[in-house]
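Before any comments, here is the structure.
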Amino acid sequence: MKIATVAFYGCTLGLLAMGLRELLSGFEENRCSMTYMFEYPEYRRVHLPQRVAQRYPGYGLYLYGEGLYAQETRGLKLSGAPVLFLPGNAGSYKQARSLGSVALRKAEAMDNKLHLNVFTVDFNEELVALYGGSLYRQTHFLHECIKAILRLYRKQAQPPRSVVLVGHSMGGVVARALFTLPRFSPQLVSLILTQASPHSAPVLPLDTQLLEFYSAVKGRWYSGATDVHNVTVLSVGGGYRDYQVRSGLTALPCPAGDPNKLSLVATAVPRTWVSTDHLSIVWCKELVLATVRAFFDLIDPDTRQFTDDPVLRMTVLRHHFVRHPVRLLGVQEDTHIRFSGPADAWTEVNTLRLAYSSPKEPRVKYFLFALSSRRKAYSHFYCRSSNLEVTSWLYGCTRMEGSMCVQGVDLSWETELLPAYKAITVKLSDLSSISHLVIGASNLSGKQFSVECEWLILESRTVTVPVPHVLSFGLTVSDVTLSSSGLFHNIQLQHFHQVYQAFRITIVGQCKAAKDRLPSVYRLTVPWFREDSFSTASLPSVTEIAAMLHTSRPGNTSSALLQLHTAPNCQYKIFVRTSFPKVLGQVLRFCGSTLPVYTAVGLLLALEGQLKALVRTGHPVKMSEAVGGVALPIKVELPVYLLHLLLRLSWFQEGWTALWLPPVDGLPLSSLDAGGGDSEPSDWPAPEEEWTRLLSLVLCVLGVTVAFWGSTLLQLFLRMLSLVLAPLHRPSASRDGGTLHPWLQLLLIPSLGLLGWATCGALALTAAFLLHLYRVLRLQMSKRTLENVLNLAPQQQNGEKEKDSGDAVGQSCSKECNGAPLLSESALQEVTDDLQLHLSLSALLTVPLMLNAPSLLHWARSLRYSVRLDPDPCWPFALPLLTATTLLVNCNTLILRRSKLLALSSHILLPLCIAMVTFSMLHLYRVTHFLCVPLALLALAWRL
């Protein structure tokens, strides 16, 4: 192996490791508070009808309880509002304990005037994110659970008519799939809350059932029917800590303008402001509290059940999850407010900014800001307060008497809660009927607080900064200095709107005078998706912000925006650099699912190099050299790029459609790019930019890197395993070690096929792979035996020089006359040739084995309920694959190089690689289909 090849793949492996490190750990520490149970949790099983229990033996329905409440609900006599928790991929029904426990504590704090009954479903911890065969089964069982829950309340005077669903991960997708069932009544579910659920597309599209399920759900919710339009759905993504389900996939794929659908990221939720991983989103106390508060606000106090008003439902959810006005929901806004107090409590502010700190003693205080002299000069009024307990603090004065305001309107509904304080910004053009603004700064309780306000021109406080190019590697810096004495600034990050971009923003804050100031709050906001992130800093400080996106800009909206809530009379310097490690992390976050495709491409190109060398010289090149020689993926990427260019032409699209060819797959760069199922024929790729093809090239190199080092590890593993198994076998120098008798092959092929049909196709495929792996191990042992014999053989003393014989390496002096293999260098060469070819085949066979491993795991975990996996996504293609694998066990290069199909097999591999890249990016299961073709051709070439 050349040193340059190893160095190149070592560097690319380092880049891959750098990207993986950023993907898995390149984020803030977990700042979620743990949710603890005050009493021992209990799960009381709800008995379902016998037909349901027999049809779904591995599933169950439970009611969560603790302590006294668990004892009171022993007979399942319930009076609360029903909530049903749905676990996700490999999730446990016991994950409902955080939601249930917090709901119990909330009900106790309200003297049990209102309370929730939290149910949870046991889906047997199935791997539904990787195996789609159980998704419809879970959906039908969920329907039965909802009907069983509502039957528990039938004796009430006002029984509930619907159940609120809380779905984690794939549980949220199953909840939305209820509406695809033909006998499901939409009135049974009016509110769905999902946590880290991949609504837009599956994380790994490993089988057709998974994509068909997504396509059916997406089509139903895109239909615009009234029954789904009136259902309120809230989807919460975990943020960058969740590397299993990126938050872009949690965006709800619904018609534009649907008022009852809401998607956001946990970092943007008021009073939460943290990123959660895929599991902690269930127990994160900050998020669970927001969920429980919203549920209790959604309960009608008269019926003690969830409201049927969709407008009220969305109002409550926006109150708790989008913009918290720092006041209780349901408090009616007073149209007219009358002020009282002594005249000396009123102070008119004539300066441009107010900075007030309350004294320790109680005091009634109001500040007046005249609008008449400020309307034309300024556009907005900004104010913020820290530790101010009152919820109404900004008013518009409608009637003045002397220097006092006697009547006004409350403007505090525009207040927004930030991590360090609450702030409000009002637009002066909307206050035409108001003469003065009033700040209520009374501290009747004696608690100290501070208030800062100012007039501002929002346009003058907005600075546009072009972000550096993504390939600047951090060498180029875009910077801006803010020396204004204002409290609020906007930094428009120009050209920051693609998910492959990643920046490191450094904010240096310095002040001339040292005094107590409110912390600075930095907010990175995106206009097209609620994925805001917050950072706080006390001055002086140096704060670094990782600026990345969960979704690409869908249209011509503005770029990302950095909002700075700054301290007065301080200077801020902002530096924007490209973070190359985070760029790699973004590439793997969005396109890491395509690496198996490019890995299979690298292994196929390596096999192509071996077969062409076998045709040309009679010997295949070493596997390491074959894989190392495919570092130029341009021969695959260039045809794919040309195909994308041609698909922009209408006549080529028409011809493509006439040939019944499926649409090409693009890179899953955003939730909009990765469709929820098979694309329609009209979904042609949009015009691509240069970076898209560059990104494909980078992914191809990374995939070949995985193929290179994966094959190297496979060789090392087989060498070590052969050493372990060597004492169990007699020393042999034959190239036929590990082969199967022809009659045994004829018996094994139908036997393995029957095994796959009766149990699981992946199981039969694994058995065939192990047969081939045993053949490789025996070849490895034979090679070691021949090398040892040649090292121990006496050297010839006659001084004759050995002659070259073309494809034979040389001749030895030890021969056998009984037809057995010659213990010579030529025999060693033959065994080595067979070993190198079979090593490539073993590496290639590991790809479909790994892609079908989830169905095998699902079958093994469900074996106590059913021997046969139904449906089996692997079975239709397991038969040709295991047939070819079984036949290739006996393959050797001596017979193969004489085959007339060998040249055809070697020339068809490159078109297969191109087709694989074209059609398998969003359909990973197609990789197995494509790999069946070269393996079947190679098996035919050896037999014919």
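The values are calculated or read from the model by the stated rules, or taken from the named source; none is laboratory data. None of these values were measured; they are calculated from a predicted model. Cβ: placed from backbone, ideal geometry, glycine included. Neighbour counts: every protein chain shown. Ligands, DNA and RNA are stripped out before the accessible areas are found, and what is left, the full protein with its side chains, is counted by its heavy atoms. Shrake-Rupley method; radii C 1.70, N 1.55, O 1.52, S 1.80 Å.
Dipole of the chain computed with +1 at Lys/Arg Cβ and -1 at Asp/Glu Cβ about the Cα centre; of Ser905, Pro880, Tyr421, farthest Cα towards the positive end is Tyr421. The residues Lys155, Lys622, sorted by heavy-atom accessible surface at 1.4 Å with ligands and nucleic acids left out, run Lys155, Lys622 from largest to smallest. Per residue, region 445-598 exposes an accessible area of 39 Å² to a 1.4 Å probe, with every protein chain left in place. Only the Cβ atoms of Lys and Arg (+1) and of Asp and Glu (-1) were treated as charged; on that basis the dipole of the chain about its Cα centre amounts to roughly 1000 debye.
Sparse packing (at most 11 other Cβ atoms within 10 Å of the Cβ) combined with a DSSP loop state is found for the following GluC sites (Glu not before Pro) in region 1-107: Glu29. Taken about its Cα centre, region 538-622 carries a charge dipole of about 220 debye when Lys and Arg each add +1 at the Cβ and Asp and Glu each add -1 at the Cβ.
Separation of region 710-739 and region 199-277, taken as the distance between their Cα centroids, equals 49 angstrom. The apolar share of the surface of the chain, taken as the fraction of accessible area on carbon and sulfur atoms (1.4 Å probe, ligands and nucleic acids excluded), comes to 57 percent. Legend: residues Ile3, Ile545, sorted from most to least accessible area (1.4 Å probe; ligands, DNA and RNA excluded), read Ile3, Ile545. Placing a label point 7 Å from the Cα of Lys900 along the Cα-to-Cβ line, the residues of region 920-942 whose backbone N sits under 20 Å from it are 936-942. The chymotrypsin sites (Phe, Trp or Tyr not before Pro) of region 865-944 meeting both criteria, a DSSP state outside H, G, I, E and B (loop) and at most 15 other C-beta atoms within 10 angstrom of the site's C-beta, are Tyr865. For the chain, the relative contact order works out to 11 percent when only alpha carbon pairs closer than 8 Å and six or more residues apart are counted. Only one residue of Ala567, Thr893, Phe119 has its Cα farthest out toward the positive end of the dipole of the chain, where Lys and Arg carry +1 and Asp and Glu -1 on Cβ, and that residue is Phe119. Each part reduced to its alpha carbon centroid, region 396-448 and region 574-625 end up 62 Å apart. So how tilted is helix 909-919 from the main axis of the chain? Cα-based, degrees 0 to 90, rounded to 10. The angle comes out at about 20 degrees. Structural descriptor for region 511-605: relative contact order 30 percent, calculated from alpha carbon pairs under 8 angstrom and at least 6 residues apart.
Using R₀ = 35 Å, calculate the FRET efficiency as 1/(1 + (r/R₀)^6) where r is the Cβ-Cβ separation of Glu459 and Ser215; round to 0.05. With R0 = 35 Å, the Cβ-Cβ based efficiency is 0.15.
Going by alpha carbons, how many degrees (0 to 90, nearest 10) lie between the helix axis of 761-792 and the longest principal axis of the chain? Relative to the chain, helix 761-792 is tipped by roughly 50 degrees. Taking the longest Cα principal axis of the chain as reference, the axis of helix 135-151 is set at about 40 degrees. With unit charges on the beta carbons (Lys and Arg positive, Asp and Glu negative) and the dipole taken about the Cα centre of region 1-111, which residue among Leu15, Tyr59, Tyr93 sits farthest to the positive side? Result: Tyr59. To the nearest 10, the accessible area of Met781 is 20 Å² with a 1.4 Å probe.
How would Asp870, Asp834 line up by accessible area, probe 1.4 Å, largest first?
The residues order as Asp870, Asp834, largest area first.
Legend: calculated FRET efficiency, Cys511 to His729, from the Cβ-Cβ distance at R0 = 60 Å, rounded to 0.05, equals 0.15. Taking R0 as 35 Å, what FRET efficiency do you get between Thr657 and Asp227 from their Cβ-Cβ distance, rounded to the nearest 0.05? The calculated FRET efficiency here is 0.55. Taking all protein chains as they are arranged and a probe of 1.4 Å, the heavy atoms of His644 leave approximately 10 Å² accessible to solvent.
Probe of 1.4 angstrom, ligands and nucleic acids ignored: what's the accessible area per residue over region 724-784, in square angstrom?
48 Å²
Once the 1.4 Å probe is applied to the protein heavy atoms, region 66-114 comes out at 42 Å² accessible per residue. To the nearest 10, the accessible area of Met110 is 60 Å² with a 1.4 Å probe. Within the straight-line cut-off of under 24 Å between alpha carbons, the lysines reachable from Lys113 are Lys77, Lys155, Lys285, sequence neighbours fewer than 8 places apart in one chain being disregarded.
Our estimate of slack between Lys77 and Met34, defined as 0.36 nm per intervening residue step minus the Cα-Cα distance, is 12.4 nm. Computed from label points 7 Å out along Cα-Cβ, the spacing between His336 and Gln54 is 7.2 nm. Of the chymotrypsin sites (Phe, Trp or Tyr not before Pro) found in region 4-82, the ones in coil according to DSSP and having at most 14 other Cβ atoms within 10 Å of their Cβ are Tyr36, Phe38. Classified by the C-alpha gyration tensor, region 369-505 has a prolate form. Its axis ratio a/c, with a ≥ b ≥ c, is 1.5 or above, and a/b is larger than b/c.
Would you calculate, for the chain, the mean residue ellipticity at 222 nm contributed by helices, counting each DSSP H stretch of 4 or more residues as -39,500 (n - 2.57) and dividing by all residues, to the nearest 500?
After summing the helix terms and dividing by the residues of the chain, the value is -12000 deg cm²/dmol.
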